[in-house]
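These notes concern the structure reproduced below.
The values are calculated or read from the model by the stated rules, or taken from the named source; none is laboratory data. Note that the structure is predicted; figures quoted are calculated from it, not measured. Note that each Cβ is placed from the backbone with ideal geometry, even for glycine, and that neighbours are counted across all protein chains shown.
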Amino acid sequence: MRSFLFLLKFSYRNLWRAPKRTMIMVLSLSLAAGFIIWDLNFANSGSKEVMKEFLSQYAGRYQLTHPDYYEVANSKLFDNYKVMTDEQVTDKSLFATSTRRVTAPVFLSGEKKTLGVLMTGIEVDSELRLARLKDTVTKGEFLSPAGNKEIILGKRLAERLDVKIGGEVAVIGQALDGSVANDLYQVRGFLDFGGGDLEDTLAFTQITSARELLVMGPGQYHQLVQFDMSHETLPKIEGLRAWSWKELIPEISVSIGFVDNFTWIVSVIIVLVISLGLANTLIITFFEREKEFDALNVLGAKASWVAWSLLLEVTMLGIVSMILGCLVGHAATTFCSYYPVNLELFTNGKAIIMGGMTIKPLVKFYPVAQYYWQVPLMMFFFLALSMIYPLIRVMKRRKNAV
Amino acid sequence: MLNDENIYLFKFAFRSILRNRGRSFFIGFSVSLAVFIAVWVLAFFDGMNGQIEKAVVNTNTGFYQLQENSYARTTDASHPLPFQESLRQKFQDQGIEQFSPEMVVDANISAPEGNASLVLLGIVPELHKNFLGVSAGITSGNFIDETDQEGIVIGQELAAIFRYRPGDQMVVNYQDIKGELRSEILTIRGIYHFSSNSFEKRFAYTSQKTIHRLYLNEDSGQILYNRIPFMARDLSRQEKFKSAFRNDKEVVKTWKDLNPEMSVVIEFNDGMIKFFFIIIGMTIMMTILTPIQMLWQERFPELRMMNILGVVKKRFWKIGLFEVIQMIFFSGLASSILLVTILSIQSKTGVDFRYNQQGLNIERAGIRLTGVVYPIFSPNQIFVTFGFIVFVMCFSYMWAIHRTLKKLEKTE
């Protein structure tokens, strides 16, 4: 124990021999650790915020449907004949944060064109309460809860069909009893998705109107869309299937995953570069003390003792740097939780379009606990790697010297 | 440029570098590696952005589109313009060889298998073949020809859903120029496999004669168009094309105007690269600053001695400058060799990211997201490489020399 304490003291004093140099090493290590923690928190919060912004507009966190409603291999394909009812949903608590939807692939016919769209029958009250679809209505009004056969449609779709607010469009489709479904709907508002694809392909009406068009039973619907964003888990309900947003919009999930992976790669690169530089500095520092090592050797210190002292020196340097790095990273993260970062910084001020919708995410940072041990661990790993070569050189010289 | 004194100092600088080969190697290697990684990321994103651009352009969008005004606003096809010889000449004058005048009619099909929306394109087959490789992607049957009056070519995805084969007839519903709902029978001449599933499901091709008969209810006897998509090398000639084709009946749009979602993806990627460059630059600077400073501080006694012997500060700066030049040369050479080797291989083999897509064919904004990215290696990356190294090395050496000479000043 005493010899260890001596070793500790010896290494500690060595650190203070060239304080400026030590400070620069600590600074570069701690800034790197701080930056990586900040960057990972940024990537994580960014992904979550973007998805929250995107999912809360319309898509929801997950959907409960008949197990065969969506095709497993391609969730863009669905079977409209597969319906569900409230009785099948055993966990009644889900209804508080969910909304029922009926989907109808139909043709909308205006003055000049007939275009295919996905018309969705929605429960207006709960959509107003849970989703942010209403915010995208920039012209006209959202559907009225008590109304009937009203329709809101994408701005671009309305331009293509040449329809005006208050005008009518003919809806033509196929009812679930096999008959031709057609009716006239009054245009109430236009959705603005900033030029995204969904402006061309989406329309909404009251759920009762959609049921009437498709000749469905009063309690039947296709999707129960969940808007509770606070959980990650999916419910297991017999006779139904929960589809997470990742399954329903895999293109968005993949894009988000790519940015997350890229952030980790950048982090590893930064640590690698820092480690190389550190190895270089350590080599110079160790060889500066060559004569001193020789003297220690003559006084009876073994080569391993010298190696241990150097290891301890670097460990102390690492620990101090990591503590500082975590503090710096956390401080920067906390700052950005009060002053969110606008992702439009990365797009020259252009709005981000995802899955056919415009989103304007202000990323409010949330610290993720695991990064505060993962990053120091990763840095220590590379620090240990960067020590190998200098130590080998020191040990070799020791052998030659004695 | 190099007189005897400079040659001597140059040699002196080279020997100084060689004196601590290991350390010089480490400094050079750190810089080379960092620069290699930074430029590789640039090449990777250049490749990915290029692939995105190519995929969007190949959805019959082209790099640019000359659109008739009302079509540009609302995709109203009822005001087609004649494709005249003067316009063909204008395309040639601009060096544009791949273009396709098209009439665009929105249509739909209904069958027991379901409903589908179609974009019916009335093309000039010869021009279209030159513009896009759809005709080369015919998997069964034939592509339409100019004289065809009732044929249609559809995508493989649409054919699979509705179980169509060449020779089958399909009923196409649409509204004609008068707005009247019409249903017409067309014969499937061929099935193509091209671009993405959503493209194959949506785009169908007919001849100009057919579309005139269907939409205008008469054969006008001339080539009409709502839009003319055309190819170019990239979007750099945007302003030139816009002014060349400027008139009150048409407008030029780029693929970025037509597919804003993927345009923003590219902007976002560019933003990420800039951010990455700044971070790597700062990291490498902080990393090599100390070793370089230590190398110069180590030489302090000998610099002092040289100073006493009459060597002026200007010469120390010269030695530093020659050291920087040589270090830049060696680091730049190492990075360039690494880059050329790795990128030459990877631009052929690609970098596989399919694990990220869980084996699914994923499409976004009408294009298939690529699982294998082919980094693009271009000469300007070598300029970026050297520029980056020059900046990092010069800054670090200047700082180290300045600090050492200041110390020398104090001892005088």
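Every residue, every condition in (1) under 17 Å from the mean Cα position of the chain (by Cα); (2) modelled with pLDDT of 90 or more, yes or no:
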position	(1), (2)
A:Tyr12	no, no
A:Ala18	no, no
A:Ile24	no, no
A:Leu29	no, no
A:Ser47	yes, no
A:His66	no, yes
A:Lys82	no, yes
Checklist line | Restricting the stretch B:234-262 to residues that are farther than 22 Å from B:Asn69 by Cβ and part of a helix (DSSP H, G or I), the residue that is nearest to the chain's Cα centre (by Cα) | finding: B:Met262
Item checked: the stretch A:131-178, residues that are touching a helix residue (DSSP H, G or I) at 6+ places or on another chain (Cβ under 6 Å), basic (Lys, Arg) and within 14 Å of chain B (Cβ to nearest Cβ) -> A:Lys155, A:Arg156, A:Arg160
Next item on the list: Go through the stretch B:24-78 and count every residue that is within 9 Å of chain A (Cβ to nearest Cβ), among the polar types (S, T, N, Q) and either within 30 Å of B:Val384 (Cβ to Cβ) or touching a Phe, Trp or Tyr at 6+ places or on another chain (Cβ under 6 Å) (or both).
Entry: 1
Notebook entry, point to check: Which of the residues belonging to the stretch B:176-209 are within 14 Å of another protein chain (Cβ to nearest Cβ) and either part of a loop (DSSP other than H, G, I, E, B) or over 38 Å from the mean Cα position of the chain (by Cα) (or both)?
Noted result: B:Asp176, B:Ile177, B:Lys178, B:Gly179, B:Glu180, B:Leu181, B:Arg182, B:Ser183, B:Glu184, B:Ser196
Check: Restricting attention to the stretch B:209-226, which residues are farther than 16 Å from B:Asp106 by Cα and either of a type in the set (S, T, N, Q) or out of contact with any Leu (no Cβ under 9 Å at 6 or more places or on another chain) (or both)?
Finding: B:Lys209, B:Glu218, B:Asp219, B:Ser220, B:Gly221, B:Gln222
Margin query: Out of everything in the stretch A:66-89 that is of a type in the set (A, V, I, L, M) and crowded, with 17+ Cβ neighbours inside 10 Å, what residue ends up being nearest to the other protein chains (Cβ to nearest Cβ)?
Written below: A:Val83
Note to self: Being crowded, with 19+ Cβ neighbours inside 10 Å, more than 30 Å from B:Ile278 (Cβ to Cβ) and touching a residue at least 60 places away in the same chain (Cβ under 8 Å) is the requirement here; does B:Gln67 meet it?
What the structure shows: yes
Note to self: Can you list the strands (runs of 3 or more DSSP E) lying wholly within the stretch B:96-162 that have 1 or more residues being in contact (Cβ under 8 Å) with a residue 40 or more places away in the chain, in contact with a strand residue (DSSP E or B) (Cβ under 8 Å, 6 or more places away or on another chain) and within 14 Å of another protein chain (Cβ to nearest Cβ)?
What the structure shows: B:103-111, B:114-123
Note to self: Just to be sure before I move on: is B:Tyr192 of a type in the set (Phe, Trp, Tyr), without any contact (Cβ under 8 Å) to a residue 60 or more places away in the chain and under 30 Å from B:Lys253 (Cβ atoms) in the structure I sent?
What the structure shows: yes
Notebook entry, point to check: Are there any pairs with C-beta distances below 7 angstrom linking a residue in the stretch A:25-41 that is in contact (Cβ under 8 Å) with a residue 24 or more places away in the chain to a residue that is of a type in the set (Phe, Trp, Tyr) and assigned to a helix (DSSP H, G or I), with the two at least 6 apart or on different chains, and if so which?
Noted result: A:Ile37/A:Tyr371; A:Ile37/A:Tyr372; A:Leu40/A:Tyr371; A:Asn41/A:Tyr371
Notebook entry, point to check: Is there a residue being of a type in the set (Ser, Thr, Tyr) and either outside any loop (DSSP other than H, G, I, E, B) or within 14 Å of chain B (Cβ to nearest Cβ) (or both) anywhere in the stretch A:219-238?
Noted result: yes
Next item on the list: Sort out which residues of the stretch A:90-101 are buried (at least 19 other Cβ atoms within 10 Å of the Cβ) and out of contact with any Ser or Thr (no Cβ under 7 Å at 6 or more places or on another chain), and write them in order of number.
Entry: A:Ser98, A:Arg100
Note to self: Can you tell me which condition B:Ile273 does not meet? The list is (1) in contact with a Phe, Trp or Tyr (Cβ under 6 Å, 6 or more places away or on another chain); (2) at the interface with chain A (Cβ under 8 Å from one of its Cβ atoms), and all the others hold.
What the structure shows: (2)
Next item on the list: Identify all residues within the stretch B:355-370 that are within 22 Å of A:Ile352 (Cα to Cα) and either in a loop (DSSP other than H, G, I, E, B) or modelled with pLDDT of 75 or more (or both); write none if there are none.
Entry: B:Ile362, B:Glu363, B:Arg364, B:Ala365, B:Gly366, B:Ile367, B:Arg368, B:Leu369, B:Thr370
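Residue-by-condition table, conditions (1) more than 30 Å from A:Lys92 (Cβ to Cβ); (2) at pLDDT below 80:
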| site | (1), (2) |
| --- | --- |
| A:Gln223 | no, no |
| A:Lys236 | no, no |
| A:Leu248 | no, no |
| A:Ile265 | yes, no |
| A:Leu282 | yes, yes |
| A:Gly325 | yes, no |
Checklist line | Matching helices (runs of 4 or more DSSP H) fully within the stretch A:283-402 where at least 1 residues are within 22 Å of A:Ser267 (Cα to Cα) and away from chain B (no Cβ under 14 Å) | finding: A:303-338, A:371-401
